[in-house]
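Take a look at the structure below.
Here, each number is a calculation from the coordinates, and none is a lab measurement. Please read all numbers here as calculations on a predicted model, not as lab measurements. Every residue, glycine as well, gets a Cβ built from its backbone with ideal geometry; the counts of neighbours run over all protein chains shown.
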Ligand SMILES: [Zn+2]
Ligand SMILES: [Zn+2]
């Protein structure tokens, strides 16, 4: 069956068009890794961990991104977003884990040490009407593959509660105002994170495809921490 599908829809690199793969080795090696930054002040930070001085009660604890949003990598993420090549999600998730283990795996080491106990993978949600138009949510697809590979629980814990304008059209402060109060935590997470639980899922890997200004991810973190999360790390493909 796969063989027939391969003939009908040959795998093609989304970056350069090379046959036989969704994202070829050359394009993968072109992913630009840059130094990791603190999600609060955006200055360099070891492992992407929030500087002690930048820590806030309801703020992010760290940010780890696979690479810089440019070139073939940018093209791959665009294709993923519009749902053209779903097999690509597996390739990108696998590269994420490979690079993460190789470069400053600060939070990955913590997950390994705790054997994943207490950790949960949560994607940034789309509006249902956008999810319908595109067919799926790329953050949830990446999140599901990552949770699977890392042996962690996965939870669609967040929902959007109201309409927001597309963030790309807005500037820094407007982005924060636009997104404020736009998310709510679903019962599924509140139950997971309750203290009475045997393994409360209080450590969150929050997943999105791209980190731009971070206002959406900061808002998601805020509602998760209000609902009982102790630690929230953002993992994105690009920034
Ligand atoms: Zn290529
Ligand atoms: Zn900082």
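Using 0.36 nm times the number of residues separating residue 75 and residue 57, minus their current alpha carbon distance, what extension gain do you get?
2.8 nm
Could I have the simple spin-label model distance between residue 171 and residue 19, label points 7 Å from Cα toward Cβ, reported in nm to one decimal?
5.1
Could you check the simple spin-label distance between residue 186 and residue 42, using points 7 Å along Cα→Cβ, in nm with one decimal?
3.2
With no solvent and one equal point scatterer per Cα, compute the Debye intensity ratio I(q)/I(0) for the chain at 0.10 Å⁻¹ and report its log10, rounded to two decimals.
Results for the chain at q = 0.10 Å⁻¹ read -0.47.
List residues of the stretch 135-164, by number, whose backbone nitrogen lies under 20 Å from a label position 7 Å along Cα→C-beta of residue 194.
Within reach of a label on residue 194, which here means backbone N under 20 Å from a point 7 Å along Cα→Cβ, the stretch 135-164 contributes 153-159.
For the stretch 163-239 and the stretch 13-53, what is the separation of their C-alpha centers, rounded to whole Å?
21
Can you compute the FRET efficiency between residue 149 and residue 35 using 1/(1 + (r/R0)^6), with r the Cβ-Cβ distance and R0 = 22 Å? Round to the nearest 0.05.
Result of the calculation: an efficiency of 0.30.
Calculate how large, on average over all directions, the projected area of the Cα convex hull of the stretch 81-215 is; give the answer in nm² to one decimal.
Taking a quarter of the hull surface, the average projection is 9.2 nm².
Would you work out if the stretch 1-115 is rounded, prolate or oblate? Take a ≥ b ≥ c from the square roots of the eigenvalues of the alpha-carbon gyration tensor; rounded if a/c is under 1.5, else prolate when a/b is larger than b/c, oblate otherwise.
Verdict is prolate for the stretch 1-115.
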